[in-house]
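See below for the structure under consideration.
The values are calculated or read from the model by the stated rules, or taken from the named source; none is laboratory data. The shown structure was predicted, so the numbers you read here are calculated from the model rather than taken from an experiment. Cβ sites come from the backbone with ideal geometry, for glycine too, and all protein chains shown count toward neighbours.
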């Protein structure tokens with residue numbers, strides 16, 4: 001590597017000055033100074049390279065700094081505000097009815113008949129979510145038709161509270177519970193009676209687009225008189241407004 005002006009200035013000796021070193025040490029001292037200067041030059045070049053790379057990275061990061069979370073794939077608060085959707089699944093509805101024959105007298109008892117229906121169901125639902133940190137609270141109402149082909153269950157609906165834990169990526173695990181109402185067939189009378197009760201369950205919901213989520217849900221409902229209950233497994237699609 002050719003000597004620079006700085007190197008020459010350091011290595012140069014003024015003839016009018018007395019030599020700082022003896023003639024024997026002068027070559028070793030010159031080589032030592034030369035190695036130090038080369039090391040200094042390498043550090044100087046490395047620092048300049050780091051500064052150039054840092055400025056390049058800073059310019060490249062400017063568009064990323066302008067990229068807000070609201071423009072990302074998932075919204076900032078995925079489980080917030082109103083939503084609506086539909087679900088499909090299957091429902092199991094066991095039930096019983098007491099048949100009292102005409103003219104029965106003690107000690108004879110009424111005849112109990114039991115049956116269980118299992119079939120497809122379709123529901124529509126709507127609700128509202130309130131995020132509180134990682135927790136999400138809300139309420140949801142649904143109504144639908146299940147086992148419509150002459151079996152025990154028919155039209156049913158519920159109004160439930162929901163409470164879950166959500167991640168920023170749009171995944172929530174929740175529990176739900178609330179009153180329900182539905183109609184079911186009385187086996188011995190040939191018409192549908194209305195039954196009120198309570199339903200409890202849970203599910204998983206995940207956002208697959210900024211305003212579109214998929215869910216899987218399990219619900220168990222129990223009639224007030226204890227003679228009628230439903231078990232529902234369903235999946236659905238929800239749209240956030």
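The conditions of being modelled with pLDDT under 90 and crowded, with 16+ Cβ neighbours inside 10 Å are not met by residue 140. Residue 62 meets the conditions (1) under 31 Å from the mean Cα position of the chain (by Cα); (2) at pLDDT 60 or above; (3) under 30 Å from residue 139 (Cα atoms) in every case but one. The failed one is (3).
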